[in-house]
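The values are calculated or read from the model by the stated rules, or taken from the named source; none is laboratory data. Predicted model only: the values in this text are computed from it and were never measured. Neighbour counts are summed over all protein chains in view; Cβ atoms, including those assigned to glycine, are modelled from backbone coordinates with ideal geometry.
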Amino acid sequence: MLAPDTQKEITQLLSRYPIKRNALLPILHVVQKANAGYLTPELLEEVAGICEVSQTHVEGVISFYTMYKLEKPGKFHLQVCTCVPCCLLGGEELLEHVEQQLDTHAGHTADDGVFSVEEVECIGACSYAPAVIVNEDYHEQMNPEKLDRLLDKLRTQGQAHA
Amino acid sequence: MLEETLVLFRNIRNSDYDKSLKGYKKTGGFTALRKALEMQPGEIVQLTKDSGLRGRGGAGFPTGLKWSFMAKGTGKPTYLVCNADESEPGTCKDRELMLHDPHQFLEGMMISCLAIGCRHGYIYVRGEYWPSIKSLNAAVQELYDDGILGEKLLGKGPKLDLTVHPGAGAYICGEETALLDSIEGKRGHPRVKPPFPAVSGFNACPTTVNNVETLACLPFIVNEGAEVFKSFGPENNAGTHLISLSGHVNKPGVYEVRLDANLKDIIYDLGGGIPNGKKLKGVIPGGASSSVLTAAEIDVTYSFDALAKAGTMMGSAAIMVFDEDTDAVKLLHRIVRFFSHESCGQCTPCREGTHWARMIIRDFLDGNGNERKLKRLHRVGGNMIGTTVCALGDACGMPIQAFTTKFADEFREVQALAA
């Protein structure tokens, strides 16, 4: 069951579109965010009912877009860009550095679920490369030292929340 | 010494600028919208045609002309959908407008809604851009609270609603018909045209899709007139342009220039040249899908027409600069890997071609290249051009053909080194 707050947000979203299916992408974002950053088969079924589409349709949609997850990400999900401009300015080295520091590989979770790492294509921060997204925030013109400081900060935050 | 020409960035470049509704109003905000409310929709379309404004999303199609294609008398609602998907590698200009001066863009969007008779406009922002989505949502809320948006535009006009719609991570949704499928709640697959969106777009209703920067030009055009806008830049290339400068330059950033600036001056004057005293090797002048220019080819006017004449394109005005130490084979691999990841899989030449091209370049990087593979790579690129529903095939084919022609020796060198 979706929490009342989530349901309220969904009702609001539905009111903005001529047909319910149109609100599918934003609703999936809201539901995913409320469920620690990932979607479950039960949630997909519920969203399918809300948007009046089949569950297969919803599965087709979430498999098309990279931002919907079926596995629980870390508390801090790091997206490291290695597309053209980031790559020119050390994006690949930055990703390697993150993997070393967290002793993990892109696509995996580390530190007991505090971090997860993903290698991503262009995130639109090209003039401020190399860039990393943590959850919803951009961190730009990164280098290994800045990244270490960021990881330390997040780790402390993660422990405080735990 | 090339300097910026400030039209869209005149507020953003002012360090004291307050981007809230109050701040925007102080700079004369919404005078253009008030003016537009006194005009007939046809007059706004004509003014935009006269201004010579061309779409800033990549194709450079005349905006006023695009609006005039909207089907009339269908009895269906008409829609304006703003393309804020900004996902062409190298491009990060629209986010500056959304983050730092959202009301200028929103005013332009409202004027455009009046021009095409739209009563509910949607802004499709790429999903990763949460900061831009938050900035726009806050600005739209201010407009509702102030009574500018809602039942009566500015308290006296027609009903107008605006909704910010997040995407979910798919480059192809920047293609306008894929974007429409996506906002309808489907996988983002480009549609076969015709019918064009102006006849059958969002939910099969007449729809225009315009880029953020394009719409942001409207307040200036309505306030200052078509002739003033046209005076920035040469014939057929009206208005200033936001360029995203990235890669090996001392001062990367988003700059606003007239379309008669020279590419060389953009790199050396605005960009401050190449870092660490390195030499320039090449420039990708208009997003990852544009054909690469070598260092010897950059003395060219940065405009739609001049770049087309030079065998490349301005695209989304994303200039990616790379120095002499850059491995051109690896760079092409990065570009092709992107397109192979982002192909929607609908058309065979693109789905298979992007994948095979990537594998062949990988062979070169692994030391397994040869002359036959170089020719094959070039041919695979060619087979993707003009053979697919949308331009993603072309977007991957063009850089392949340009790199394998202009940097063919590097492919051979990689191979010789391995031997």
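Which residues, taken from the range A:58-77, are farther than 22 Å from B:H341 by Cβ and buried (at least 19 other Cβ atoms within 10 Å of the Cβ)? A:V58, A:G74, A:K75, A:F76 - these are the residues of the range A:58-77 that are farther than 22 Å from B:H341 by Cβ and buried (at least 19 other Cβ atoms within 10 Å of the Cβ). Counting only residues that are within 13 Å of chain A (Cβ to nearest Cβ), hydrophobic (A, V, I, L, M, F, W, C) and in a loop (DSSP other than H, G, I, E, B), how many does the range B:241-282 have? Number of matching residues: 2.
Do we find a residue being part of a loop (DSSP other than H, G, I, E, B) and more than 30 Å from B:D323 (Cα to Cα) anywhere in the range A:89-104? Scanning the range A:89-104 turns up at least one residue that is part of a loop (DSSP other than H, G, I, E, B) and more than 30 Å from B:D323 (Cα to Cα).
If you go through the range A:81-90 one residue at a time, do you hit one that is free of Cβ contacts under 8 Å to residues at least 60 places away in the same chain, exposed (fewer than 15 other Cβ atoms within 10 Å of the Cβ) and within 12 Å of chain B (Cβ to nearest Cβ)? No, the conditions are met nowhere in the range A:81-90.
Residues in the range B:173-187 that are over 19 Å from A:P18 (Cα atoms) and within 9 Å of another protein chain (Cβ to nearest Cβ): B:C173 alone. Checked against (1) among the polar types (S, T, N, Q); (2) in contact with an Asp or Glu (Cβ under 6 Å, 6 or more places away or on another chain); (3) within 13 Å of chain B (Cβ to nearest Cβ), A:T56 meets all criteria but (2).
Taken over the range A:59-80, the criterion of being within 12 Å of another protein chain (Cβ to nearest Cβ) and in a loop (DSSP other than H, G, I, E, B) is satisfied by A:Y65, A:T66, A:M67, A:Y68, A:K69.
Selection within the range A:130-145: residues that are more than 8 Å from chain B (Cβ to nearest Cβ) and farther than 20 Å from B:T91 by Cβ. The member of this set that is surrounded by the most Cβ atoms within 10 Å (Cβ to Cβ) is A:V134. All of B:G282, B:G287, B:G273 fail the test of being within 18 Å of the chain's Cα centre (by Cα) and not assigned by TED's automatic domain parsing to the domain that holds B:Y171, apart from B:G287. Among the residues of the range B:381-393, those that are in a helix (DSSP H, G or I), away from chain A (no Cβ under 14 Å) and closer than 18 Å to B:V192 by Cα comprise B:M384, B:G393.
Within the range B:360-418, the set of residues being touching a residue at least 24 places away in the same chain (Cβ under 8 Å), β-branched (V, I, T), crowded, with 18+ Cβ neighbours inside 10 Å and out of contact with any Pro (no Cβ under 7 Å at 6 or more places or on another chain) comprises B:I361, B:V380, B:I400, B:T404, B:V414.
Residues considered: B:L160, B:L154, B:L97. Of these, the only one that is aliphatic (A, V, I, L, M), surrounded by 23 or more Cβ atoms within 10 Å (Cβ to Cβ), more than 22 Å from A:L28 (Cα to Cα) and in the same structural domain as B:A198 (by TED's automatic domain parsing) is B:L97. Filtered by the rule that a residue be of a type in the set (S, T, Y), within 9 Å of chain A (Cβ to nearest Cβ) and assigned to a strand (DSSP E or B), the range B:90-140 gives a lone residue, B:Y122. Taking helices (runs of 4 or more DSSP H) as the structural unit, those lying wholly within the range B:289-380 and holding at least 1 residues that are of a type in the set (F, W, Y), more than 12 Å from chain A (Cβ to nearest Cβ) and under 30 Å from B:N236 (Cβ atoms) correspond to B:304-309. Being modelled with pLDDT of 95 or more, β-branched (V, I, T) and over 16 Å from the mean Cα position of the chain (by Cα) is a condition met by at least one residue of the range A:91-103. Against the conditions (1) under 23 Å from B:C92 (Cβ atoms); (2) within 14 Å of another protein chain (Cβ to nearest Cβ); (3) not in a loop (DSSP other than H, G, I, E, B), B:N203 satisfies every one except (1). Exactly one residue out of B:K49, B:K22 is more than 14 Å from chain A (Cβ to nearest Cβ), within 30 Å of B:E235 (Cβ to Cβ), among the basic types (K, R) and surrounded by fewer than 24 Cβ atoms within 10 Å (Cβ to Cβ), and it is B:K49.
Does B:T78 satisfy the criteria of being at pLDDT 95 or above, touching a strand residue (DSSP E or B) at 6+ places or on another chain (Cβ under 7 Å) and not charged (D, E, K, R)? So B:T78 fits the description; yes.
Picking from residues in the range B:141-151 that are part of a loop (DSSP other than H, G, I, E, B) and surrounded by 20 or more Cβ atoms within 10 Å (Cβ to Cβ), the one that is farthest from the other protein chains (Cβ to nearest Cβ) is B:I148. Taking the range A:7-37 as the range and being within 20 Å of the chain's Cα centre (by Cα) and farther than 17 Å from A:I62 by Cβ as the test, only A:E9 passes. Number of residues in the range B:175-192 that are part of a loop (DSSP other than H, G, I, E, B) and either within 23 Å of A:E52 (Cα to Cα) or in contact with a Ser or Thr (Cβ under 7 Å, 6 or more places away or on another chain) (or both): the value is 8. Kindly indicate whether B:V209 is among the β-branched types (V, I, T) and surrounded by fewer than 24 Cβ atoms within 10 Å (Cβ to Cβ). It is false that B:V209 is among the β-branched types (V, I, T) and surrounded by fewer than 24 Cβ atoms within 10 Å (Cβ to Cβ). Is it the case that the range B:41-58 has a residue that's among the small types (G, A, S), within 20 Å of B:H103 (Cα to Cα) and assigned to a helix (DSSP H, G or I)? No, the range B:41-58 contains no residue that is among the small types (G, A, S), within 20 Å of B:H103 (Cα to Cα) and assigned to a helix (DSSP H, G or I).
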